[in-house]
Each structure stands twice: as structure tokens, then as C-alpha cells.
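Q: If you scroll down you'll find the structure; I have some questions about it.
The values are calculated or read from the model by the stated rules, or taken from the named source; none is laboratory data. All values reported here derive from a predicted model rather than from experimental measurement. Quick reminder, even Gly has a Cβ in these numbers, built from the backbone with ideal geometry, and neighbours come from all protein chains shown. For the accessible areas, the whole protein counts, side chains as well, though only heavy atoms, and no ligand, DNA or RNA atoms are used. Shrake-Rupley method; radii C 1.70, N 1.55, O 1.52, S 1.80 Å.
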Amino acid sequence: MIAGNDSPPFFGGIDLGATKTLSLVVDAAGSLLAEDIRPTLASEGPDAVIARMADSLRESLNKAGLPQRRLAAVGISTPGPVDHARGVVTHPPNLPGWRDVPLVSRLQQELGLPCFLENDANAAAVAEHRFGAGRGARHMLFITVGSGIGGGIIIDGALYRGVSGGAGEVGHMILNEDGPPCGCGRRGCLESYSSGIAIATEGMDLAARQPDSPLARIAAEDPPLTAEAVHRAARDGDDAAREIIIRAGRRLGEGIAGLINILNPELIVLGGSLTKMGDIYLAPAREAAATQAFPQHWRDVRIVEVALGDESPALGAASLAADLSQSR
Ligand SMILES: [Zn+2]
């Protein structure tokens with residue numbers, strides 16, 4: 001199964017996303033050989049999705065011109081909490097019908113290869129740390145702000161998983177117990193203030209209250225309203241839309257300040273679609289973090305943007321799978 005001593009092995013990575021599944025094949029140094037992207041079609045349920053994940057990896061191998069026996073192990077990344085030790089996807093918020101799915105054993109059966117499971121944000125943190133903006137950092141925090149907010153914590157150069165693999169859920173740090181409802185079922189989480197869904201929700205309220213505003217026009221022309229649409233309205237001069245993004249950014253900064261005070265990291269790597277908004281979102285975040293973090297902690301931390309793209313969770317998962325197969 002595993003390549004012979006004279007031929008170094010390759011590793012697979014599969015990132016199961018709510019809408020897209022991305023697989024790739026890398027060499028032992030993490031260099032990308034080939035990748036495949038296809039729709040997840042999560043509504044078809046776990047069986048169909050797991051078969052598609054395996055097909056995607058086989059296609060990546062095809063593109064790389066490698067027989068499957070050259071793969072030593074496969075890393076899988078999925079959204080939401082995972083039971084890392086048992087290889088079980090417990091309750092992903094964005095994958096309907098997935099409850100306690102033993103994804104590792106199912107894919108091992110399907111592929112005939114050792115598989116390994118990691119939360120997607122943790123896997124992306126590992127990829128940025130090993131191959132991206134976090135190279136060389138000892139203590140690093142990775143935060144991704146998109147439709148939701150996720151994170152990964154690197155301490156002393158290694159991923160911090162916590163007791164059961166659930167560490168790094170920075171989006172669900174509660175800032176205000178009476179705050180807006182969060183996708184996790186609680187209230188006032190950082191994600192309920194600063195995520196793309198939070199910005200879109202506030203934007204919908206605003207468009208309903210001010211039917212003549214630029215935002216309401218954009219909402220009517222191009223439903224459903226997204227955070228990107230709120231950003232477009234802000235650029236078109238809608239001050240109320242602009243305020244929504246600034247408030248979301250400020251809350252992000254408050255959350256980051258709390259994390260800086262707890263972890264005293266040297267580096268924060270920020271990624272996700274909302275960072276593409278630039279200063280309108282990130283400047284208030286920096287300001288709030290600078291004001292609220294302890295001065296010593298703030299002095300010693302740098303905040304940078306990610307260096308890798310959408311492939312980072314799959315890449316990190318593949319790299320973790322390489323660790324696993326080398327430790328055996
Ligand atoms: Zn939450």
C-alpha cells in the first residue's frame with residue numbers, strides 16, 4: 001500500500017465544504033501536484049457525499065499521474081466540531097443530515113488508505129503556519145472571517161486541539177449574552193456580530209427600515225442580500241451600510257483583543273472573504289484591538305493576512321496526514 005523505500009510517498013487532502021469539495025495531492029514537502037473541485041451537494045446526504053469525496057481524490061491522483069498506491073495517507077477537513085480521536089464528524093452546522101458520521105472509517109473503506117480528520121479552520125491554521133503567512137512563528141492564532149468565523153491556535157509550533165479536538169472555536173466566544181442570535185444556538189457570540197451572515201442580517205433590517213436607501217435598491221435588484229452587497233452599498237455612499245461594517249469590524253477587534261490577552265501570540269493570521277473588504281472592516285478591528293489589548297501584548301503581536309488560498313484546509317489536512325503516517 002505505502003510506496004517503497006526508494007520512492008517518497010505522496011499525501012492526499014480532502015476539504016469537505018458546505019457547497020464545494022476540494023481535494024488535492026501533495027508531496028512530502030507540501031508542494032501541490034494536482035487538485036479537483038466539485039460541488040458537495042450536501043442535500044444528497046452523507047453516503048453520496050462520501051462517494052463524491054473519494055471520486056474527487058481519485059481525480060486529483062489522475063491529474064497528478066499517480067497510482068493510488070503512491071499515496072501514504074489522506075487528511076480530511078470538515079466544518080464544525082469533529083471528534084478527532086474517533087474520526088467522527090459530530091454535528092456540522094452546514095451539512096444537513098450529518099450527525100456522528102464516522103467519516104474516517106467510511107473513507108478508509110472507500111479508499112483503502114489511512115485517513116485522518118481535522119476541523120477545517122484548524123487544518124487551514126496548520127497550512128498557514130507551515131507553508132503560508134505563519135512560517136517560523138512559535139505562537140500563532142489563525143482567524144477566518146467569512147459567512148462564519150473560525151480559528152486555529154498554534155502553540156509552541158504545534159496545533160492546539162484541546163481535550164477532544166474542539167479548541168479554536170473563536171467565533172463562538174460570547175461577547176454579550178443578550179446579543180443577536182448565533183448560528184450555534186446561543187446569543188451574542190463574536191460570529192453573531194462580525195461574520196458575513198451577521199452583516200447580511202443587519203443589512204436586511206436596514207433595507208427594510210429605509211426602503212429608499214442605496215442598500216434597499218441593491219437588495220431589491222440582487223436578492224438575497226449578502227455582506228458583499230452591504231459593502232457595495234457602503235462604497236456607493238450609503239452611510240448606514242458603512243456603519244454596519246464598521247461596527248462588525250470593531251466587534252472583531254474586541255474579540256481579537258480578548259484572544260491576544262489570553263494567548264499572547266506573536267502573530268495573528270487573518271483570512272476569509274470579509275478581509276477582502278479591506279480597511280472599512282479591518283481598520284476598526286485594528287483600532288479596537290489596539291485599544292483593548294494589554295499594551296505589552298499589543299506591542300508584541302503582528303496581524304497579517306493569509307498567504308494561501310481556498311486550498312489551505314485541504315493542504316493542512318494533507319500535511320497533518322503526513323505527520324501521522326511518519327509517526328507510525
Ligand atoms: Zn455561536
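Q: Quick one: ILE197 ticks every box in (1) open to solvent by 10 Å² or more (accessible area, probe 1.4 Å); (2) in contact (Cβ under 8 Å) with a residue 40 or more places away in the chain; (3) near the ligand (Cβ under 10 Å from one of its atoms) except a single one, so which number is it?
A: Going through the list (1) open to solvent by 10 Å² or more (accessible area, probe 1.4 Å); (2) in contact (Cβ under 8 Å) with a residue 40 or more places away in the chain; (3) near the ligand (Cβ under 10 Å from one of its atoms), ILE197 breaks only (3).
Q: Right, something else. In segment 246-275, which residues are closer than 13 Å to SER195 by Cα and of a type in the set (D, E, K, R)?
A: Those that are closer than 13 Å to SER195 by Cα and of a type in the set (D, E, K, R): ARG247, ARG250, ARG251.
Q: Determine if segment 136-145 includes at least one residue that is away from the ligand (no atom under 15 Å from the Cβ), surrounded by fewer than 24 Cβ atoms within 10 Å (Cβ to Cβ), in a loop (DSSP other than H, G, I, E, B) and of a type in the set (A, V, I, L, M).
A: Within segment 136-145 (the criterion being away from the ligand (no atom under 15 Å from the Cβ), surrounded by fewer than 24 Cβ atoms within 10 Å (Cβ to Cβ), in a loop (DSSP other than H, G, I, E, B) and of a type in the set (A, V, I, L, M)), the answer is yes, since at least one residue qualifies.
Q: Another one. Mind checking which residues of segment 240-287 are open to solvent by less than 10 Å² (accessible area, probe 1.4 Å), of a type outside the set (A, V, I, L, M) and in contact with a helix residue (DSSP H, G or I) (Cβ under 6 Å, 6 or more places away or on another chain)?
A: Passing the criteria: GLY249, GLY253, GLY255, TYR281.
Q: Right, another one. Search segment 159-170 for residues being under 12 Å from PRO81 (Cβ atoms) and surrounded by 14 or more Cβ atoms within 10 Å (Cβ to Cβ), and hand back the single one that is farthest from the ligand (Cβ to nearest atom).
A: So, considering only residues that are under 12 Å from PRO81 (Cβ atoms) and surrounded by 14 or more Cβ atoms within 10 Å (Cβ to Cβ), the one farthest from the ligand (Cβ to nearest atom) is ARG161.
Q: Please enumerate the residues belonging to segment 26-84 that are over 16 Å from ARG106 (Cα atoms), touching a residue at least 60 places away in the same chain (Cβ under 8 Å), outside any helix (DSSP H, G or I) and not acidic (Asp, Glu).
A: VAL26, ALA28, GLY30, LEU32, LEU71, ALA72, PRO79, PRO81
Q: Please go through segment 155-192 and give me each residue that is free of Cβ contacts under 8 Å to residues at least 40 places away in the same chain, in a strand (DSSP E or B) and under 18 Å from PRO313 (Cβ atoms), ordered by number.
A: ALA158
Q: Okay, next question. Say whether the condition of being exposed (fewer than 15 other Cβ atoms within 10 Å of the Cβ) and either more than 16 Å from MET140 (Cβ to Cβ) or within 13 Å of the chain's Cα centre (by Cα) (or both) is met by at least one residue in segment 313-327.
A: Yes, there is a match, as at least one residue in segment 313-327 is exposed (fewer than 15 other Cβ atoms within 10 Å of the Cβ) and either more than 16 Å from MET140 (Cβ to Cβ) or within 13 Å of the chain's Cα centre (by Cα) (or both).
Q: Then there is this: Restrict the check to segment 69-86 and report whether at least one residue is closer than 23 Å to VAL170 by Cα, in contact with a Lys or Arg (Cβ under 9 Å, 6 or more places away or on another chain) and surrounded by fewer than 23 Cβ atoms within 10 Å (Cβ to Cβ).
A: Looking through segment 69-86, at least one residue is closer than 23 Å to VAL170 by Cα, in contact with a Lys or Arg (Cβ under 9 Å, 6 or more places away or on another chain) and surrounded by fewer than 23 Cβ atoms within 10 Å (Cβ to Cβ).
Q: Here's a follow-up. Given the conditions (1) on the phi > 0 side of the Ramachandran plot; (2) near the ligand (Cβ under 8 Å from one of its atoms); (3) of a type outside the set (A, V, I, L, M, F, W, C); (4) open to solvent by 80 Å² or more (accessible area, probe 1.4 Å), report the number of the one that ARG186 does not fulfil.
A: (1)
Q: Considering only segment 104-119, state which residues are open to solvent by 10 Å² or more (accessible area, probe 1.4 Å), assigned to a helix (DSSP H, G or I) and within 25 Å of THR144 (Cβ to Cβ).
A: Listed by number, the list holds a single entry, VAL104.
Q: Restricting to segment 173-183, and then to whatever is of a type outside the set (Gly, Ala, Ser) and within 8 Å of the ligand (Cβ to nearest atom), can you tell me which residue is surrounded by the most Cβ atoms within 10 Å (Cβ to Cβ)?
A: So, considering only residues that are of a type outside the set (Gly, Ala, Ser) and within 8 Å of the ligand (Cβ to nearest atom), the one surrounded by the most Cβ atoms within 10 Å (Cβ to Cβ) is CYS182.
Q: Which of the residues that make up segment 94-103 are surrounded by fewer than 22 Cβ atoms within 10 Å (Cβ to Cβ) and within 19 Å of ALA314 (Cα to Cα)?
A: Passing the criteria: ASN94, PRO102.
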